[in-house]
Amino acid sequence: MANCYICGCASANHRREVYTGRSSGWFWSRRSYGQSYRSYYGLRTVCVDCAARIDRAHSRNTWISILIISLIILFVIGESNSPSKTKRKSSYPIGNHSGRVVAFSGLNIRKEGSVKSPIILKAPYDAGLTILSTNGPQDTIQGKISKWYNVEYEGSSGWGWGLFIEVEDN
């Protein structure tokens, strides 16, 4: 019988792939430039305890890989099912669709589609709106471009900036 490659135990009778060393080199030892490190693994004889520890580590690494891949897949599926920004930023009259305020500070509803126009009232965050049209003038506010939407809130109609409004599908 051979000794365990990891702990040196005299009763080693299991074969496992284990880390056996590493080498390093400079740019002339690789195709790409810069320092390189290579790790080497190989089949070695190990004892029962070391074999069990190696098996647990492989199992744990497998489950971690499955978890990471699952999370990536869920993220990709979630992104593909979310409504696209281009869909809600249409430039045609959409009739009486509902929407909601997505700006945490609320939405200033103005008399006309301009920042210089007087504020009629303010709709709070997550308030429901009726969107009458998205054909308002285009404006740039703090470096972001959007159109003004003609909206109705609590019986008053006015204009709200499109980036602060989310159009909901009916």
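Any read-out appearing in this document is the output of simple, stated calculations on the displayed coordinates, not a laboratory observation. None of these values were measured; they are calculated from a predicted model. In this analysis, Cβ positions are derived from the backbone assuming ideal geometry, glycine residues included, and neighbour counts consider all displayed protein chains.
Each part gets one Cα centre, and for segment 112-170 versus segment 63-78 those centres are 38 Å apart.
Between residue 154 and residue 76, how high is the FRET efficiency from 1/(1 + (r/R0)^6) when r is the Cβ-Cβ distance and R₀ = 41 Å? Nearest 0.05. Can you show the working numbers first?
Numbers: r = 40 Å, r/R0 = 0.98.
That gives a FRET efficiency of 0.55.
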